[in-house]
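Engineer: Here it is, the structure in full.
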Amino acid sequence: RKFYYITLLRDPVSRYLSEWRHVQRGATWKTSLHMCDGRTPTPEELPSCYEGTDWSGCTLQEFMDCPYNLANNRQVRMLADLSLVGCYNMSFIPENKRAQILLESAKKNLRDMAFFGLTEFQRKTQYLFERTFNLKFIRPFMQYNSTRAGGVEVDNNTIRRIEELNDLDMQLYDYAKDLFQQRYQYKRQLERMEQRIKNREERLLHRSNEALPKEETEEQGRLPTEDYMSHIIEKW
């Protein structure tokens, strides 16, 4: 069995706001073990942002103020190899070095995936998926701009704060957009080249058919002989 790793990335600010709204409604990740190098993080390595069963009703400010919030740079963390930085042990290496290693690891794993798409580019994502895996979806992907995150009104200062909290995700997303567009353009050029080759072959075939001797063409279109027709009639 052969497995292919694929993923979808999303604009970090929209993704962050969407997760906040999700948590605000009572969602938790209590069943997530966060396994790394064969063990789960200790409570000291990964403290909780809240007390009680969930964090429902939390404000955006409270969500942003928690320094242990796994929503921060979630996309980089989930794509990177955490064992390179000592998993959730923040004292393993200096913070700046840790951040750079995680970002480069996430970029590498993204490059090595069989496919990745971007939520903000649904049609192009569909095109790349179909071209990559040689299949066709029944319906075209729809670009829905009306989301829970889209319905949240935040001021510029709040947006800047979210971008700061998700600086690694912002860098990864910029990198992903550039790589995504390169792959899309390459597939489009390849498709146009294949179409030109197909058209040329069809023209050559058409010309070769036109160049056939007249007798041969007539031979191919002859009606059955009289004897053969009589034989058929007798059978009936």
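Engineer: If I ask for residues that are touching a helix residue (DSSP H, G or I) at 6+ places or on another chain (Cβ under 8 Å), in a loop (DSSP other than H, G, I, E, B), over 27 Å from PHE115 (Cβ atoms) and of a type in the set (A, V, I, L, M, F, W, C), which ones from region 50-103 would you list?
Structural biologist: Scanning region 50-103 gives TRP55, CYS58, MET90, PHE92, ILE93.
Engineer: Another one. I'd like to check something: does region 7-26 contain any residue that is assigned to a loop (DSSP other than H, G, I, E, B) and of a type in the set (A, V, I, L, M, F, W, C)? Break it down into steps so the answer makes sense when it comes.
Structural biologist: So the first thing to find is which residues in region 7-26 are assigned to a loop (DSSP other than H, G, I, E, B), and the list is 10-11, 25-26.
From what's left, of a type in the set (A, V, I, L, M, F, W, C): none.
No, because not a single residue in region 7-26 is assigned to a loop (DSSP other than H, G, I, E, B) and of a type in the set (A, V, I, L, M, F, W, C).
Engineer: So, in region 4-57, exactly how many residues are surrounded by 12 or more Cβ atoms within 10 Å (Cβ to Cβ) and among the acidic types (Asp, Glu)?
Structural biologist: 4
Engineer: So, in region 87-126, of the ones that are of a type in the set (Gly, Ala, Ser) and crowded, with 16+ Cβ neighbours inside 10 Å, which residue ends up farthest from LEU165 (Cα to Cα)? Full working, then the answer.
Structural biologist: We begin by selecting, within region 87-126, every residue of a type in the set (Gly, Ala, Ser); these are 91, 99, 105-106, 114, 117.
The next check asks that each one be crowded, with 16+ Cβ neighbours inside 10 Å; those that pass are 99, 105-106, 117.
Details: ALA99: 12, SER105: 19, ALA106: 17, GLY117: 23 Å.
Going through the qualifying residues, I end up with GLY117.
Engineer: Looking for something surrounded by fewer than 16 Cβ atoms within 10 Å (Cβ to Cβ), without any contact (Cβ under 8 Å) to a residue 40 or more places away in the chain and in contact with an Asp or Glu (Cβ under 6 Å, 6 or more places away or on another chain) - is there at least one such residue anywhere in region 64-84? Explain how you work it out, then say what you get.
Structural biologist: Residues of region 64-84 surrounded by fewer than 16 Cβ atoms within 10 Å (Cβ to Cβ): 65, 67-68, 78, 81, 83-84.
Still in the running and without any contact (Cβ under 8 Å) to a residue 40 or more places away in the chain: 65, 67-68, 78, 81, 84.
Applying the additional criterion that residues be in contact with an Asp or Glu (Cβ under 6 Å, 6 or more places away or on another chain) yields none.
No: zero hits.
Engineer: With the requirement that a residue be of a type in the set (Lys, Arg) and in contact with a strand residue (DSSP E or B) (Cβ under 7 Å, 6 or more places away or on another chain), what does region 166-211 give you?
Structural biologist: So in region 166-211, the residues of a type in the set (Lys, Arg) come out as 177, 183, 187-188, 192, 196, 198, 200, 203, 207.
Within region 166-211, LYS177 is the sole residue that qualifies.
Engineer: Sticking with this one: Checking VAL23 against (1) modelled with pLDDT of 95 or more; (2) of a type in the set (Val, Ile, Thr); (3) farther than 28 Å from THR125 by Cβ, which test does it fail?
Structural biologist: Failing condition for VAL23: (3).
The values are calculated or read from the model by the stated rules, or taken from the named source; none is laboratory data. This is a predicted model, so every value here is computed, not measured. Every residue, glycine among them, receives a Cβ derived from its backbone with ideal geometry; neighbour counts consider all protein chains shown.
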